[in-house]
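Following: one structure in structure tokens, then a few remarks.
The values are calculated or read from the model by the stated rules, or taken from the named source; none is laboratory data. The model shown is predicted, which means the values in this text are computed figures rather than measured ones. FYI the Cβ positions are ideal-geometry reconstructions off the backbone, even for glycines, and counts take in every protein chain you see. When the accessible area is computed, the model is the full protein with side chains, heavy atoms only, and any ligands, DNA or RNA have been set aside. Shrake-Rupley method; radii C 1.70, N 1.55, O 1.52, S 1.80 Å.
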Amino acid sequence: MALDRRAAVAALLKDRGDLLIVSGLGSPTYDVHAASDSDANYYLWGAMGGAALIGLGLAQAQPQRHVLAITGDGEQLMGLGGLATIAVAKPKNLSIVVIDSGHFAETGMQRSHTGCGLDLAAVAAACGFADTAVAADMAAVESLRKKLHRPAEGPRLFVLKVAVENPPRSLPPRDAVFLKNRFRAHLGLSVS
Amino acid sequence: MNKKRPRSPAAAAETDLAQPWAAKLHRVLKSAGVTHMSYVPDAGHASLIDLFAADPDVISNVLTSEQEGVAIAAGAWLGGKRSVLLLQSSGVGNCINMLSLMAIGRFPLLMLVTMRGEWAEFNPWQVPMGRATEPALNAIGVRTFRAETAEDLVEIAGSAATLAYEADQQIAVLISQRMIGRKVW
């Protein structure tokens, strides 16, 4: 059984409150945009391997806000070492959600390491994340959604097992400066 | 032998440094508003890493690879904070694609790079990346300044911090291997 990625992300972000979101390049950026655009979203169109770490820097800069990095299996695999860095940094306000199709969706659906059996939630647990889980149905997604709005003991990583599909693209702006300034303005920061 | 006077822990931390210039560098970065630091350790940065680690107002992150610090700096800036990245020249090669984020997003970036492979180097494996460091940084849009002496370094770091955090530039300060000194091993 595997989730519909658009339905799962939309359900996860329902009533998102004051969550700050960083999305990994490719399909997760489209999924987050399709769920609903927000000034509190920072969409990546590149910087592969960086989504969770941008989340870490943001979480450390904004300790009163909860930060959610939503990314794909391929993107997180490229930043595998970053899970060690995040585990050691121990942010209580950072959650990573990996939308795991087991494939590199953007480039022709080649099988990824998770598609070959690697378990990213187990990797995160071994690194020392405070909470990890794998969701493969909508009830599990709903319980993760509730968790995101409760305090955590440390960094969390949740895997959404999604079907291998390429839904129509939902394209946010590609201008990284515009997105940066929009995000900072949302936080009341100068946009010079 | 000098008679030792009682010192505050902070003063002791400064005067016992292997690299005395690190104390001035730490003060320059603090006065530029730096509150976040990330690093892959290098012997040349050892004293500065210790000073930041002992600083309750600065969050330090140890990295598994240098490009993580580039991404962290972008995230910190999104959240309104100033982050500095400490690395050695070999780590610059690990950063290249992540630096496209800073260039295209015009994110402030200050990297302090200790050079290897250029002065009294004993390890041939350090030479190719040492040679490629400055051209690679320039190619991806990071402006470089070279510091040859401790006085240079402190002055350049202050200027670089202003260029980065006030003018949204991506800056690497290259700290010459001649200044760091011959590695004892």
Filter the range A:112-154 down to the residues that are among the charged types (D, E, K, R) and open to solvent by 50 Å² or more (accessible area, probe 1.4 Å), then identify the one that is nearest to A:THR71 (Cα to Cα).
A:ASP119
So, in the range A:155-179, how many residues would count as being touching an Asp or Glu at 6+ places or on another chain (Cβ under 7 Å) and surrounded by fewer than 16 Cβ atoms within 10 Å (Cβ to Cβ)?
1
Given the conditions (1) more than 16 Å from B:ALA164 (Cβ to Cβ); (2) within 13 Å of chain A (Cβ to nearest Cβ); (3) open to solvent by less than 10 Å² (accessible area, probe 1.4 Å), report the number of the one that B:SER38 does not fulfil.
(1)
Conditions first: (1) within 10 Å of the chain's Cα centre (by Cα); (2) within 14 Å of chain B (Cβ to nearest Cβ); (3) under 17 Å from A:ASP175 (Cβ atoms); (4) not charged (D, E, K, R). A:GLY55 passes all but one, so which condition is the exception?
(3)
Go through the range B:81-110 and count every residue that is over 17 Å from B:ALA167 (Cβ atoms) and of a type in the set (Gly, Ala, Ser).
5
Yes or no: the range A:13-34 includes at least one residue that is over 18 Å from A:PHE158 (Cα atoms), open to solvent by less than 10 Å² (accessible area, probe 1.4 Å) and assigned to a helix (DSSP H, G or I).
no
Pick from the range B:68-82, criterion open to solvent by 10 Å² or more (accessible area, probe 1.4 Å) and more than 7 Å from chain A (Cβ to nearest Cβ), ranking: farthest from B:LEU99 (Cα to Cα)
B:ARG82
Among the residues of the range A:35-52, write down those that are within 12 Å of chain B (Cβ to nearest Cβ), outside any loop (DSSP other than H, G, I, E, B) and closer than 20 Å to A:PRO167 by Cβ.
A:ASN41, A:TYR43, A:ALA51
Taking the range A:63-87 only, how many residues are surrounded by fewer than 24 Cβ atoms within 10 Å (Cβ to Cβ), at the interface with another protein chain (Cβ under 10 Å from one of its Cβ atoms) and more than 17 Å from B:GLY69 (Cα to Cα)?
2
Residues satisfying the stated conditions in the range B:140-158, i.e. open to solvent by 60 Å² or more (accessible area, probe 1.4 Å) and either under 15 Å from the mean Cα position of the chain (by Cα) or not charged (D, E, K, R) (or both)
B:ARG143, B:ARG146, B:GLU148, B:GLU155
Residue list for the range B:102-139, restricted to those being open to solvent by 10 Å² or more (accessible area, probe 1.4 Å) and closer than 18 Å to B:ILE72 by Cβ
B:ALA103, B:ILE104, B:ARG106
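If you take just the helices (runs of 4 or more DSSP H) that sit entirely in the range A:100-192, which of them hold at least 2 residues that are within 14 Å of chain B (Cβ to nearest Cβ) and basic (Lys, Arg)? Write out each step before concluding.
On the way: elements: A:120-127, A:138-148, A:176-186.
Correct list: A:176-186.
So if I check each of B:ASP55, B:ASP50, which one is buried (at least 16 other Cβ atoms within 10 Å of the Cβ), more than 11 Å from every other protein chain (Cβ to nearest Cβ) and over 20 Å from B:GLN88 (Cβ atoms)? Lay out the reasoning, then the answer.
Details: B:ASP50 fails: over 20 Å from B:GLN88 (Cβ atoms).
Only one candidate qualifies: B:ASP55.
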For the range A:88-99: of the residues being within 17 Å of the chain's Cα centre (by Cα) and crowded, with 16+ Cβ neighbours inside 10 Å, which is farthest from the other protein chains (Cβ to nearest Cβ)?
A:ILE99
